[in-house]
Amino acid sequence: MKIDEAGVHRKLEIQEVEEIRNEAFESSRIYKDKAKAFHDKYLSCKTFEIGQKVFLYDSQLKWFSGKLQSRWIGPFIVTNVFDHGAVEIKSNKTGKVFKVNSHMLKVFYEGLQENDMEVDSLEHSDYIE
């Protein structure tokens, strides 16, 4: 009888190990889902329009960058926007057109122009007492 009892005991131990493994797997899946949701919450969705000016990330400077050297080159002009994040851009200097991933781009904001600003003219006599 001892052999039969040992066999039954061994089967119970194997079932316990399987249950522990399944619980660990489920716990890992729940953790990964929460981490993905947390990460995706902080992603910004970039949308580009035709004619918009953008900067391109220079991945070659990743290894040989100086302290104050910018990793962004440009500006480039968006000529076409494709599905799934592909963007076609055109260089102003060379006129070359090429496709890049939208993750490699960021929007170029032009500075204020003098004609955009409203200037109040103050007469000199206002300051003299």
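Summary of computed values
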read-out: Area of S28 that stays accessible when all protein chains are in place (1.4 Å probe, Å², to 10); value: 50
read-out: Amide H partners (placed H, <5 Å) of N80, local residues excluded; value: E88
read-out: Karplus-derived HN-Hα couplings along the range 7-15 (A = 6.51, B = -1.76, C = 1.60, θ = phi - 60°), whole Hz, x at Gly and Pro; value: x, 5, 4, 5, 4, 5, 5, 5, 5
read-out: Fully extended contour minus Cα-Cα distance, from F38 to E26, at 0.36 nm per residue; value: 2.5 nm
read-out: In Hz, Karplus ³J(HN,Hα) per residue of the range 95-111 (6.51, -1.76, 1.60; θ = phi - 60°; x = Gly, Pro); value: x, 6, 10, 8, 9, 9, 6, 5, 5, 8, 10, 9, 5, 9, 9, 7, x
read-out: Computed accessible area, V100, all protein chains, 1.4 angstrom probe, square angstrom; value: 30
read-out: Those lysines that a straight Cα-Cα span of less than 25 Å connects to K99, excepting residues fewer than 8 apart in one chain; value: K46, K53, K62, K90
read-out: By accessible area with a 1.4 Å probe, ligands and nucleic acids excluded, highest first: order of H9, H103, H84; value: H84, H103, H9
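The values are calculated or read from the model by the stated rules, or taken from the named source; none is laboratory data. Note that the structure is predicted; figures quoted are calculated from it, not measured. The accessibility values were calculated without ligands, DNA or RNA, using every heavy atom of the protein model including side chains. Shrake-Rupley method; radii C 1.70, N 1.55, O 1.52, S 1.80 Å.
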